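K.L.:
Structure below; questions to follow.
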Amino acid sequence: MKNLFSNIRGDAFGGITAGIVALPLALAFGVSSGLGPTAGLYGAIFISFFAALFGGTSTQISGPTAPMTAVSMVVIAGIIATNDGDVNKALPVILTVFLLAGLMQIGLGVIGLGKYIRYIPYPVVSGFMTAIGVIILLTQILPSLGYYPKEDMEFVNEFKPVAEEVILENILKEEAGEGILVLEDFKETISRAGKISQTDILKESQTLAAKEASGALGAIKALPRALQSVNWLELILALGTIFIIYGFKKITTKVPSTLVALIVMSGIAVGFGLEYRPIEEIPSGLPVPNLEIFTAFNLSSLLPYIFTALTLALLGAIDSLLTSVVADNMTKTKHKPNKELVGQGIGNSIAAIFGGIPGAGATIRTVVNINSGGKTKLSGMIAGIMLLVILLGLGPIASQIPAAVLAGILITVGIGVMDYKGLRAIPSLPRDIKLGPLKLSSEVLIMLIVLFLSTFWNLVYAVGIGLVIASLMFMKKIGDLTAERSDVKTLKEEAWSDEINFPSSLKEEVFIKHIKGPLFFGSTSDFQALTQQIPNTAKTVILRLGRMQYMDQSGLYAMEDMLQDLKTKDVEVLFVGLLKQPRYMMERIDIIPDFIPNEHIFKSFSECLTWVKQNVEDTHN
């Protein structure tokens, strides 16, 4: 507790500044997610406070971030679509998924997986971050133009036939659930269909229209219609916001340009009485827990989203721990990764219960906090309290913010979140694979696959596919390197310094095999060819294993097969420099001592050489 208040002035200033910076982003991410600005604000309040209180990075400021919001947006849109387009009906399921993601993060921290997050390949992270930027850019073009698909009646009417089909399917499902035999009692179906009003059909059509225009691909499809009916006021408000955000940074960086843009453009819109589109109303008063998460809990409705919740948990973990590394570099401290995951999980879980969207450690807000004097966990807690004060005191005023201003803010976020470092490196990376006549860089290929799949198909599956491809390519590279360095060559062609004095008279009787690197499933095919490469004159093979640090089960059985083959040919095998892990593996299945007795295992080559001189005869004079 003493350490918590050791820097109270710096933490207060850092936390208040970070909270002010977080305000426009929290509102914008909430709107972008589909749950409204209040959800973004609630997420920022609870995640910032509790992730700081329980986390393992003293200076980290947490809240909704671009990657977390992009995935949440997909989750929210999908669940709303399966609940007849009714946000209130879908909300308990949405928040339960977010709660599950938070609990999974706590689990990741408890079992100690925090330290392994850093092993996710850079091309996967790079492709994903650039895709997040592209998705945010594309999805914010429509609101920047003042175009909302649900309000374009010509577009909505195109979905009326499909809407009627969906409504009829729902009636048939209801009847099946009630045990009504439709073909025997079709009058009941006609009766229920007769109660469907034009308003119901319109509502379903609007849901389908919104779904069609959702996501990056939907935004591209809807863009021609949006360009035909541009709302110039909304576009000017969005462009003005973007101009101020980039322009004000050139004047000073001490005052957050995002906040300046929000205040100036909102002030102009309200002050001049312009007929703009405001954001959804932000309720006044303290946040209230959404108890329907527990009272209306339905496992069957949650099961399809378990993998999605895990993805949110992992993404939040990566996002937070990358920010923790940035904080470490700035403060010359060291964060506790597993504790940080527990803190983030607690923050996301509590935010979900109160109706907030999930978040993670936010790099820009953390940097602002540190530069403003924040040094302890108190700074992150103060940032959360600051946002709560703004909610309670300025909620009605914040409700007057133009939607186009938040769209403009999000466009700058989308531009900023892209991984330009990775994109700039594309031409210079080595082209190490061939696809037909094309030579490509495997790293670039992985990045582009993740980028395009994330943008136009599915964020969740794209990361999984990227990880699988990256792992396979890594294993192939390691296998190739191991095979390349482990070629079986005659003594004259490959001699280590301690082999120079090996008796030349025994060079036909004895062959030496150097195994460099791990013997695992990626390198076993080349290793298995060993017996075919040993000439018939050799009666003794020395395997130098001092550089074979690791052996997996595939490598173990490849070694067993090779030794079995050599034994049938009466070739004696000697081990030199066998390390602990490979020895343990070979003892498990009795390679040692059945194939290689202990007296044939030598610590040094000189000991082995002594044995060879005493036991191997020159039979090829």
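Please treat every number below as a calculation from the coordinates, not as lab data. All figures in this text were calculated on a predicted structure; none of them were measured in a lab. Heads up, the Cβs are rebuilt from the backbone with ideal geometry, glycines too, and the neighbour counts pull from every protein chain shown.
K.L.:
Which of GLU280, GLU340, GLU617 has the fewest other C-beta atoms within 10 Å, and how do the rest follow up to the most?
P.N.:
Least to most surrounded, the residues fall as GLU617, GLU280, GLU340.
K.L.:
List THR311, THR295, THR333, THR366 from most exposed to least, where exposure is judged by having the fewest other Cβ atoms within 10 Å.
P.N.:
Starting with the residue having the fewest Cβ neighbours, the order is THR295, THR333, THR311, THR366.
K.L.:
Here's another thing I want to ask about it. Rounded, prolate or oblate, given the Cα gyration tensor of the chain, with a/c below 1.5 counting as rounded?
P.N.:
prolate
K.L.:
I've got another one for you. Would you mind checking the tilt of helix 377-398 against the longest principal axis of the Cα atoms of the chain, expressed as 0 to 90 degrees and rounded to 10?
P.N.:
Helix 377-398 and the main axis of the chain meet at about 30 degrees.
K.L.:
With a Cα-only, solvent-free Debye model of segment 486-615, what are the log10 I(q)/I(0) values at q = 0.11, 0.16, 0.18 Å⁻¹?
P.N.:
Each listed q corresponds, in turn, to -0.34, -0.76, -0.99.
K.L.:
Looking at the P(r) of segment 301-353, how many percent of alpha-carbon pairs lie beyond 14 Å?
P.N.:
Counting pairs separated by more than 14 Å, the tail of P(r) holds 61 percent.
K.L.:
Compute the length gained on full extension between MET153 and LYS434: take 0.36 nm times their separation in residues and subtract their Cα-Cα distance, giving the result in nm to one decimal.
P.N.:
That works out to 96.1 nm of additional length.
K.L.:
Measuring from label point to label point, each 7 Å out along Cα→Cβ, what is the ILE385 to ILE196 span in nm?
P.N.:
Taking the two extended label points, one gets 5.5 nm.
K.L.:
Can you tell me which lysines have their Cα less than 16 Å from the Cα of LYS249? Leave out same-chain residues fewer than eight positions away.
P.N.:
Within the straight-line cut-off, LYS249 pairs with nothing.
K.L.:
For ASP86 and SER604, calculate 0.36 nm times their separation in residues minus their Cα-Cα distance, and state this gained length in nm to one decimal.
P.N.:
Net length gain for the segment: 179.1 nm.
K.L.:
Is segment 1-108 rounded, prolate or oblate when judged by the Cα gyration tensor, a ≥ b ≥ c being the square roots of its eigenvalues, rounded requiring a/c under 1.5 and prolate requiring a/b larger than b/c?
P.N.:
Since a/c reaches 1.5 and a/b is larger than b/c, the shape of segment 1-108 is classed as prolate.
K.L.:
Can you give the FRET efficiency to the nearest 0.05 for GLU292 and GLN581, using r as the Cβ-Cβ distance and R₀ = 41 Å?
P.N.:
Taking R0 as 41 Å, the efficiency between GLU292 and GLN581 is 0.20.
K.L.:
Still on this model: Antiparallel DSSP bridges in the chain: what percent, to the nearest 5?
P.N.:
Bridges in the chain are about 30 percent antiparallel.
K.L.:
Tell me the angle of helix 122-144 to the major Cα principal axis of the chain, expressed in degrees between 0 and 90 and rounded to the nearest ten.
P.N.:
For 122-144 against the chain, the angle is about 10 degrees.
K.L.:
Let me ask you something else. Set the Förster radius R0 to 25 Å, insert the Cβ-Cβ distance between VAL325 and ASN371 as r into 1/(1 + (r/R0)^6), and round the FRET efficiency to 0.05.
P.N.:
After rounding to 0.05, the efficiency reads 0.90.
K.L.:
Mind sorting MET330, MET129 by how few other Cβ atoms lie within 10 Å of their own Cβ, fewest first?
P.N.:
By the 10 Å Cβ count, ascending, the order reads MET330, MET129.
K.L.:
Quick one: grab the alpha carbon gyration tensor of segment 425-483, order the square roots of its eigenvalues as a ≥ b ≥ c, and give me rounded if a/c is under 1.5, else prolate or oblate depending on whether a/b is larger than b/c.
P.N.:
oblate
K.L.:
Beta carbons within 10 angstrom, averaged per residue: use that to sort the peptides 434-441, 207-214, 406-413, 149-156, highest first.
P.N.:
Final packing ranking: 406-413, 207-214, 149-156, 434-441.
K.L.:
Return the subset of LYS539/LYS613; LYS89/LYS187; LYS115/LYS580; LYS507/LYS613; LYS339/LYS377 for which the Cα-Cα distance in this structure is over 23 Å, preserving the input order.
P.N.:
Listed pairs above 23 Å: LYS89/LYS187; LYS115/LYS580.
K.L.:
Stretched out fully, how many nm does the piece from TYR461 to ILE251 gain, at 0.36 nm a residue minus the Cα gap?
P.N.:
Stretched out fully, the TYR461 to ILE251 stretch lengthens by 71.3 nm.
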